Each structure stands twice: as C-alpha cells, then as structure tokens.
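Accompanying notes for the structure given below.
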Amino acid sequence: MAIPAIIRAMRPHHWLKNGLVFVPILLNHDVFDPHAIAYGAIAFLSFSLLASSIYLLNDIVDVEADRRHPTKCKRPLAAGEITKAQAYAMVPGLMIVAFGLAWFLPRSDLYLAALGAYLVLALAYLFFLKRKLLVDVLGLAALHTLRILAGNAAADIPLSSWLLAFSMFLFLSLALVKRYAELRITQDQSGLKKAGRGYHAEDIEALSQLGMASGCTCALIMALYVDSAAVKELYRYPQLIWLVCPIVLYQMARIWFLARRGQMPDDPLVFMIRDWRSQLMGAVVVVIMVAASVLP
C-alpha cells in the first residue's frame, strides 16, 4: 500500500478545522483545566479520523469529476497514486477508531450523538445534499457547527445559543466563499454540471451577496452577545468585548474581497488558519478577551 499517498488522501492538513472542538473550552475559560483540554484533544483526534474517512469516500465517489478539475486532479486517487480498493479498505478502520475514542470521554453518550449526527450529515452531503442549490452550503455550515457542539459534549460544557447562532452564520458565509471560489475556477456551465453541483455561472454574484450578508450577521450577533447576561458573568469588563465586533467585520470582509479577486483557495477556513493576518486578528481577539477577564 502507498502509505504516503494514503496519508495525503486523508487530508491531515484539513484536521486544523477540527480544532473547533476547543472553542467551547476556550470560551468557557477552561483553558487551564487539564481534564477539559485532554477531553478536547480526544475529540479532536476522533473527529479528525472520522473526517478523513469521509474525505476518502468523497474521493472515491468524485474520482471522475476530480480528474477533470484543474486542481482536484492532483488528489492521490484522481492522480492514480492509490486505488479505490486501498481507499475503501481504510474507511471502516478510521470510523471504528473514531467512535471508539468516544468511550474515553465523561459524557460519551452526548459526544457519540454529535459524532453520529456528523457522520449522517456528512454522508447525506456526500451522496445527495452537495448537488442541491443552497442546501449544500447549509449542510457545510452545519457540519462545522457540529464540531463545536461536539466540543461542548466532550468537555461536558453547557451549550451556548449565542455561540450556536454565531457559528452557523459564520460557517454559512465561509461555505459560500468555498462555493464561490469553485465557481470562479470553473465558470463554464457544462463543466459545473459535470462536477455535480447545482450552480450555474450566473449564480456567482448572488452567492457573493448572500455570503457577505451572512458575514455581517456574525458581527451583529457578536454585538448583541456583548450586552447579554452570559458576558457579564464571564468577564469583569464586558464592554471590552465590543472591540471584537470590528475585527469580525474586517475578517469577513477581507475574506470576501480576496475571494472576489480570485485569491481564495477552495477551503477558506484552512486559509484563515494559515494566513498570518488572520492569525494576528485571532491573537488580538484573545488579548481582548483576556484583558476583559483579568484587568483589575
């Protein structure tokens, strides 16, 4: 078996997205709780393995379309570096280990529910939803939000309706960026049809408008959150959290400017994690939250 090619097909560089399971732990100020961090690490590994099994299935299903795609043709299966049989052989093992890790968590029942929901939705997206107009981006947003819900379940942290609303609009905007970027690469309508997507070339402006509106809604939810009782309980100086709002607006607007210039890769979330400006904005947000918590 071509081990390096199999590992690349598992897309470990996309595992960065599973760091979302730590978000509830950080926002609940449990970052120095070794048990919470350990549970988050288990959830991270579990989600990463399950996501990799879905990536392999996706490559198997889309192998012919990927071979016609200008960038996806370089994926190991599409490039002929591994066979379908080798990819299929990895899928059940990854899923078994992913679900088995749940038994090391204090609320394994809640986490298994979140992991199972992710698997069902991911399979529905793979075989059906990704071909449906707008339903596909809603599905992608839900898949990312489920990572946050899994973090809540893994560390046994109460669910925040504010975080749920913020994450849905944030990931909807990023999912629309992803689809927008794909449309820019393959604007030929027949090519899009062959790729199994429900979009036409003329839909690109509507996607942009909807995505930017979703990004602005994130900032609005953040502004409303600042005046909530939850913020007043968690922070000594909740008014400082207002500074996060313009950062969210800047970040989402910049992502869309880059996408409209054709400078955005297929996955904007991975781009944000690797981009130094996004990292700087994230560090500023952390400093603001720490200052709001510890200033005398």
- Using helices alone, what [θ] at 222 nm do you get for the chain, with -39,500 (n - 2.57) per DSSP H run of 4 or more residues, divided over all residues and rounded to the nearest 500? -22500 deg cm²/dmol
- Note on the structure: The farthest towards the positive end of the charge dipole of the range 67-126, of the residues CYS73, SER108, VAL91, given +1 on Cβ of Lys and Arg and -1 on Cβ of Asp and Glu, is CYS73
- Note on the structure: Sites removed, the longest contiguous part of the chain containing no DSSP-loop trypsin sites (Lys or Arg not before Pro) with at most 14 other Cβ within 10 Å is 1-131
- Kindly write out, for the range 23-35 in residue order, the coupling ³J(HN,Hα) from the Karplus curve 6.51 cos²θ - 1.76 cosθ + 1.60 (θ = phi - 60°), rounded to whole Hz, with x marking Gly and Pro. 4, x, 5, 5, 5, 8, 6, 9, 5, 9, 8, x, 5
- Message: Once each part is reduced to its C-alpha centroid, what is the distance from the range 90-168 to the range 33-74 in angstrom?
- Response: 12 Å
- Taking chymotrypsin sites (Phe, Trp or Tyr not before Pro) as exposed when in a DSSP loop with at most 13 other Cβ atoms inside 10 Å, the chain has its longest clean stretch at 129-296
- Message: Can you compute the charge dipole magnitude of the chain about its Cα centre, using +1 on each Lys and Arg Cβ and -1 on each Asp and Glu Cβ, nothing else charged? Give it in debye, rounded to the nearest 20.
- Response: 720 debye
- Message: Quick check: convex hull over the Cα atoms of the range 252-296, volume per residue in Å³, rounded to an integer?
- Response: 69 Å³
- Task: Calculate the dipole size of the range 1-145 relative to its Cα centre from +1 charges on Lys and Arg beta carbons and -1 charges on Asp and Glu beta carbons; express the result in debye to the nearest 20.
- Result: 540 debye
- Message: Along the charge dipole of the chain, pointing to its positive end and built from +1/-1 on Cβ of Lys, Arg, Asp and Glu, which listed residue (LEU140, SER293, ALA206) has its Cα farthest out?
- Response: ALA206
- Note on the structure: Residue-ordered couplings for the range 80-96, obtained by feeding phi - 60° into the Karplus form 6.51 cos²θ - 1.76 cosθ + 1.60 and rounding to whole Hz (Gly and Pro as x), are x, 6, 9, 9, 4, 4, 5, 5, 4, 5, 7, 4, x, x, 5, 5, 4
- So which residue, out of ALA79, ALA51, ALA155, gets the largest mean-square fluctuation from a GNM of the chain using Cα contacts under 10 Å as springs? ALA79
- Query: Over the range 63-183, how many percent of alpha carbon pairs lie in each 5 Å bin up to the one with the longest distance?
  - Reply: 2, 10, 14, 17, 18, 17, 12, 6, 3, 0
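Laboratory data are not the source of any read-out in this text; all were calculated from the coordinates shown. Keep in mind that this is a model prediction, so the values were computed, not measured. Positions of Cβ are generated from backbone atoms using ideal geometry, with glycine treated the same way; all protein chains shown enter the neighbour counts.
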